[in-house]
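Just below is one structure, and these are the notes that go with it.
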Amino acid sequence: MLSVENLKVKYGNIEALHGISFHVNEGEVVTLIGANGAGKSTTLMSVARLPPPEGPRVTEGEVLFQGKNLLKTPAHEVVSKLKMALCPEGRHIFGNLTVMENLKLATYSRNPGENLEAEYRHIFDLFPRLHERRHQRSESLSGGEQQMLAVSRALMTGCKFLMLDEPSMGLAPLLMYDMFRALKRLNQGGMTILLVEQNAKLALQFAHRAYVLDTGAIRLEGPCSELMDHPDIKKAYLGG
Ligand code: ATP
């Protein structure tokens with residue numbers, strides 16, 4: 001579904017990704033793990049085509065999504081036509097709007113007249129707390145509820161390919177497991193997921209395959225079941 005070849009990315013004159021290659025098959029959950037500053041968020045932003053100055057600048061490489069050259073696709077079409085969505089690190093929800101208003105904003109690129117009732121029901125089924133709080137201003141939600149809203153907002157774009165940047169960040173353990181249970185249900189329903197996670201143990205338990213990023217390069221890759229037993233991974237990411 002997604003194929004990235006020799007991707008090189010710069011911020012200003014500094015290269016943050018030094019020619020990485022990876023792929024995601026339809027229906028898979030693939031995770032990128034690595035230490036702080038390894039280039040995980042940069043990879044997601046480059047694939048989502050977040051334009052400079054906020055985002056990184058691709059200098060070389062190829063990104064194909066369902067056979068289409070993503071680097072030549074206007075950024076807004078990535079969401080509306082290719083049906084890819086990024087749930088960014090730090091949530092970036094609109095705090096002065098209610099839960100419903102945040103969700104509705106995400107539907108701006110949908111066809112007018114499209115009936116979205118079933119999708120709202122699906123989201124409130126995945127995250128019942130959001131239903132209880134649907135008329136509440138988002139800034140008054142707990143951190144975990146805001147994270148659920150950020151994921152739900154990405155889903156309301158109607159995406160088929162979901163990129164998640166640190167969905168467990170700041171969540172208490174119970175909410176973290178709720179979040180990953182919901183993500184599992186989404187994947188079982190057919191959603192392809194590219195996940196960036198600091199919590200390598202959680203990510204390796206959840207995903208099918210993983211790539212390990214280290215200072216802008218991919219050092220290891222493989223099925224999660226194999227990587228979990230890899231001595232370097234155990235030592236660096238799984239507490240020995
Ligand atoms: P973290 O887990 O801390 O979010 P990460 O693996 O997602 O780390 P990135 O945020 O992609 O790493 O950063 C990769 C490199 O690019 C780092 O050296 C970082 O300092 C640099 N970088 C990231 N964003 C910018 C920016 N806007 N301007 C300049 N350099 C940046």
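First measure r as the distance between the Cβ atoms of ASP229 and GLU15, then evaluate 1/(1 + (r/R0)^6) with R0 = 41 Å and state the FRET efficiency to the nearest 0.05. The calculated FRET efficiency here is 0.80. Dipole orientation for the chain: of the candidates GLY216, LEU116, SER140, LEU116 has the Cα lying most toward the positive pole (charges on Cβ; Lys, Arg +1; Asp, Glu -1).
Only four residue types carry charge here, +1 at the Cβ of Lys and Arg and -1 at the Cβ of Asp and Glu. Report the dipole size of the chain about the Cα centre in Debye, rounded to the nearest 20.
Working: 27 positive and 26 negative charges, 67 e Å.
That gives the chain a dipole magnitude of about 320 debye.
Of the accessible area of the stretch 130-240, computed with a 1.4 Å probe over protein heavy atoms only, carbon and sulfur atoms account for 51 percent. Listed peptides 103-109, 66-72 appear in the order 103-109, 66-72 once ranked by packing, highest mean of other Cβ atoms within 10 Å at the front. When the Cα positions of VAL29, ALA48, SER3 are compared along the charge dipole of the stretch 1-81, ALA48 comes out farthest toward the positive end, with charges on each C-beta of Lys, Arg, Asp and Glu. Can you tell me the orientation of helix 143-155 relative to the chain, as the angle in degrees between its alpha-carbon axis and the longest Cα principal axis, to the nearest 10? With rounding to tens, the tilt is 90 degrees. Put the Cα centre of the stretch 163-240 next to the Cα centre of the stretch 54-118 and the gap is 22 Å. In angstrom, the C-alpha Rg and Dmax of the stretch 179-223 are 11.5, 34.
Spin-label model, ARG110/ASP214: points 7 Å from Cα along the beta carbon direction are separated by 4.4 nm. With K and R counted +1 and D and E -1, the other residues having a Cβ less than 10 Å from that of GLY90 yield a net charge of -2.
Roughly how many Å² is the accessible area per residue of the stretch 1-149, as a whole number, for a 1.4 Å probe?
Using a 1.4 Å probe on heavy atoms only, each residue of the stretch 1-149 averages 50 Å².
Over the stretch 135-240, the fraction of Cα-Cα pairs per 5 Å bin, rounded to whole percents and listed from the shortest bin up, is 2, 10, 20, 22, 18, 14, 8, 3, 1, 0. Taking every Cα-Cα distance in the chain and sorting them into 10 Å bins from zero, the calculated P(r) comes out as 7, 32, 37, 20, 4, 0 percent.
What's the carbon and sulfur percent of the stretch 1-115's accessible surface, probe 1.4 angstrom, rounded to a whole number? Mind dumping the intermediate values first?
Details: 2880 of 5700 Å².
Carbon-and-sulfur percentage of accessible area, whole number: 51.
For the chain, a Gaussian network of Cα nodes joined below 10 Å ranks SER140, SER152, SER168 by mean-square fluctuation, and the top entry is SER140.
Here's the picture: charge each Lys and Arg Cβ at +1 and each Asp and Glu Cβ at -1 in the chain, and of ILE14, LEU175, PRO74 the one pushed furthest to the positive end of that dipole is PRO74.
The values are calculated or read from the model by the stated rules, or taken from the named source; none is laboratory data. These numbers were taken from a predicted model, which means no experiment stands behind them. Ideal geometry is used to build each Cβ from the backbone, glycine not excepted, and the neighbour counts take in all protein chains shown. Areas reflect the complete protein model, heavy atoms only, side chains present, ligands, DNA and RNA absent. Shrake-Rupley method; radii C 1.70, N 1.55, O 1.52, S 1.80 Å.
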